[in-house]
Every structure is written in C-alpha cells, then in structure tokens.
Amino acid sequence: MIRRASLQGFTLLELLIAIAIFALLSAGCYRIFKAVTSTKEVTEAIWEYTGEVQKAFLIIQKDFFQVAIRPVRNELGDREPAVQSENGRITFTRHGWRNFTNDPRSELQRVQYLFDGGRLLKHYWQTLDRAPDTPFKEQVVLEDVQNFSVKFRDAKRRWHTSWPPASDKQSERVRMVPSAIEITLVHESLGTLQQLIPGPTFKPSEKKSEANSKGGKSDSKGKPPNSSQSEQWRSRGGDDE
C-alpha cells in the first residue's frame, strides 16, 4: 500500500518572519545604494569644481607668466604702468597673444582681472594704447568666487599689496614689474587656493637662496640665516596668512 506524504503549507508565523527578514535585507540594500549614489554625486561635483578651478588657473598662469614691460596710454591719453593694481583691479601687458589670421595688430595684449559679484572676470583690449571709444571684451574666468587678491614682490624681495610701489620714483614706476606674483583665490566649495608665479625680473638664484634658507644652512660666517630675511615659496590650498 502506497502512503502519500501529507502536504503542509507555511504557517502565518513563518510568513511573518520571512517578510521581516526580506524587509531588513531590502532596507540594508537601499541604504547601501543610497550611500553609493550620494558618494558618486559628491565625487562628480568635486571633479567638476576642480576642473573649473584648474582651467581658471591655467588661464591666469598663461597671462601672468608672460608679463611684458610695456606701459600704455589709457583713454585719457595718460600713461599707465606696465603692471598696475588699484581698486581691486589688476591690469598689465602680456606677451603671447597669437595672431593666427595675421591681423594688423601687436602680439602684446592689455588685460585686466577683477573680482565682481562672485565671479572672477578678465577684460582685454584689441589695442594697447586705447582711444576714448576703445571697447573691451569680457571673459568669465571662474564663478563661485568669494575673494580674489594679488600680492607683488619687488626686486628687493619686499611684498606689496598694490603695484607699482608708492615709494619709487614716478619716472621709473611705469616700467616696473614685480619679480614674483602671489595669487590668492577663495572658492565657495574648495576653500583658499594660492599660486606663486615668477615675474619677468625673477632670478633663479633667489629660489636657490630660499631653498637654502628652508634647509637651515648657515651663511659664510657660520651663523644661521635670519628668518625675517627668508620667505617661503609655495603654492598651497590651505588658509590664507
């Protein structure tokens, strides 16, 4: 005689336990998925900000690396220094304005950087010596900027917040250019960024002397270097001094 095994279903308690386990697993998977998605979004935003800032600093470096000793005439016919900083605007003449179409113009260009309404702007003119109606073109270098400042180092290794230095002779001021330029930019998401750029009068021997000062080497008389006479060269992303 063949005996048939009795068929039994799940009890209500077993179903509740299975549903509870499935709910816990689903909640854990959702949290993991949400964390991965959030991390991806944050990473993409950081990369986007970083790419914009890197592009902005490439533009800045390209201009400031090619500072030219060339004063100009402004709209009123007055002479402007080759490098001038006033009222938060940094204006200077630069080399390297390529002329692919062979237009009747110079390869020198007059440019100006200014901070306005959370944006770092660049103005540039088609001519060096401007007439009263000479227009300028505007380029947005970077947005979400909280502050932008520039410091200038002279041939005597002194830092200035404006240029040309007020203590120098008027006849020499228009042709004065800094030996180094320190650019500080405060970004809304990335914080304080700083870049040090050598000027046209920068001497490599200055950088070697700075490196010796960092290493604590003594001078010819065996005395340690005076910390007040040595300054650190750096490009950093930390807090401003």
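Okay, here's what the table says:
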item	result
Built amide H within the under 5 Å cut-off of VAL141, gap 5+	LEU120, LEU121, LYS122
Protection-proxy order for peptides 180-191, 90-101, 23-34, each taking the mean of Cβ atoms within 10 Å per residue, highest first	180-191, 90-101, 23-34
GLU188-GLU86 pseudo-label distance in nm [points 7 Å out on the Cα-to-Cβ vector]	3.2
Modelled FRET efficiency - R0 41 Å, ALA155 with VAL42, Cβ distances, 0.05 increments	0.35
In Å, descending, principal axis extents of the Cα set of the range 1-155	119, 36, 34
FRET efficiency for LEU108 and ASN147, using Cβ-Cβ distance with R0 set to 25 Å, rounded to 0.05	0.25
Spacing of the two label points (7 Å from each Cα toward its C-beta) at ASN99 and ALA35, in nm	6.2
Charge dipole (debye, nearest 20) of the range 20-125; +1 at Cβ of Lys and Arg, -1 at Cβ of Asp and Glu	160
In nm, spacing of pseudo-spin labels at ARG175 and ARG73 (7 Å Cα→C-beta vector)	1.9
For the range 53-147, with +1 on Lys and Arg beta carbons and -1 on Asp and Glu, the positive-most of PRO71, ASN87, PRO132 along the dipole	PRO71
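FYI, it's all coordinate maths here, none of it is from the lab. Here the structure is a predicted model, which means the values were calculated and not measured. Note: ideal-geometry Cβ built from the backbone for every residue, glycine included; neighbour counts use all protein chains shown.
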